[in-house]
Amino acid sequence: MPHPFNIFKSSKDRESKPQEKEPAQKSVTPIRAIVGLGNPGDSYQNTRHNIGFLFLDYLAEKEGKTWRKEKRFSAEIITGNFFGQKILLGKPQTYMNESGQSLSQLVRYHRWSWPSVVVVYDEINLSLGEMKLSDRGSAGGHNGMGSILGAGGADVTRFRLGIGHKRHTDMDLKDHVLGRFSPQDLLSLQSQMGKWADALQLVIDKGATIAMAFINQKDSQLNE
């Protein structure tokens, strides 16, 4: 079955053209953890700011896994086989603005490198459900990512999921991100989670650098 992000040439293509020497590729950094950002508690359930939690819950449910609380990491975690390898899923329970506290505890304890952690979080500058992958840059005004950068996570792999722009230009940003998704929006997001999972599979198989070229380009085309 072909990979949903078609980065491989068919056997026909390979046979019809002279074989070219492929450029040497950097070794792929193994992904050790996927961490979704959000705020804990029922009052924040299904809010736009919690799209990272929503997606992590999807991944856990897909594999029939149950979250467990780990006080030493201030997080809910699952360790299991995801995307064909042992990966930890995490949801910091420190509230969004202190996400770096929880994540830095996990990184130090497990002695991970920051690039081996994928952080999933909301992005107001992307249309609903659109995704974007990056491995550097500023927090872009996102308090959770700002906390992670402050904790030393400048090299973390970022997987941003679109929650859409404010409905009104004079609307307070806090009201937008802490507002709940409509039932229609939730249905739309649920229909796209499989695509997000396919994108993460590409990150894990090929590394962030190669994955960015295909995920960002393809998703831009799909949202034109």
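For the condition of a type in the set (Gly, Ala, Ser) and either in contact with a helix residue (DSSP H, G or I) (Cβ under 9 Å, 6 or more places away or on another chain) or over 25 Å from Ile215 (Cβ atoms) (or both), what is the one hit in Ser127, Ser134? Step through it out loud before you land on a result.
Working: Ser127 fails: either in contact with a helix residue (DSSP H, G or I) (Cβ under 9 Å, 6 or more places away or on another chain) or over 25 Å from Ile215 (Cβ atoms) (or both).
Just a single option satisfies the conditions, and that option is Ser134.
In this structure, is Gln45 at pLDDT below 60 and either closer than 30 Å to His176 by Cα or surrounded by 10 or more Cβ atoms within 10 Å (Cβ to Cβ) (or both)?
No.
Would you point out the residue of region 157-172, among those that are hydrophobic (A, V, I, L, M, F, W, C) and touching a Lys or Arg at 6+ places or on another chain (Cβ under 9 Å), that is surrounded by the fewest Cβ atoms within 10 Å (Cβ to Cβ)?
Of all residues in region 157-172, those hydrophobic (A, V, I, L, M, F, W, C) come to 159, 161, 163, 171.
Pick out the ones that are also touching a Lys or Arg at 6+ places or on another chain (Cβ under 9 Å) and you get 159, 161, 163.
Values: Phe159: 26, Leu161: 24, Ile163: 26.
Across region 157-172, the extreme among qualifying residues is Leu161.
Please verify whether region 178-201 includes one or more residues that are crowded, with 18+ Cβ neighbours inside 10 Å and in contact with a His (Cβ under 8 Å, 6 or more places away or on another chain).
No, every residue in region 178-201 fails to be crowded, with 18+ Cβ neighbours inside 10 Å and in contact with a His (Cβ under 8 Å, 6 or more places away or on another chain).
State which residue pairs qualify: first residue without any contact (Cβ under 8 Å) to a residue 40 or more places away in the chain and inside region 106-118, second residue assigned to a helix (DSSP H, G or I) and of a type outside the set (D, E, K, R) in any location, beta carbons under 8 Å apart, and separation of 6 or more residues or different chains.
If the second residue must be assigned to a helix (DSSP H, G or I) and of a type outside the set (D, E, K, R), the pairs left are Tyr109/Phe73.
When you check Ile7 against the structure, is it modelled with pLDDT of 95 or more, over 26 Å from Leu186 (Cβ atoms) and either outside any strand (DSSP E or B) or under 15 Å from the mean Cα position of the chain (by Cα) (or both), yes or no?
It is false that Ile7 is modelled with pLDDT of 95 or more, over 26 Å from Leu186 (Cβ atoms) and either outside any strand (DSSP E or B) or under 15 Å from the mean Cα position of the chain (by Cα) (or both).
Mind checking which residues of region 97-142 are surrounded by fewer than 16 Cβ atoms within 10 Å (Cβ to Cβ) and assigned to a helix (DSSP H, G or I)?
Passing the criteria: Asn97, Arg108, Tyr109, His110.
The values are calculated or read from the model by the stated rules, or taken from the named source; none is laboratory data. Note that the structure is a prediction, hence the values are computed from the model and not measured. A quick note on method: Cβ atoms are made from the backbone with ideal geometry, for glycine too, and the neighbour counts reach across all protein chains shown.
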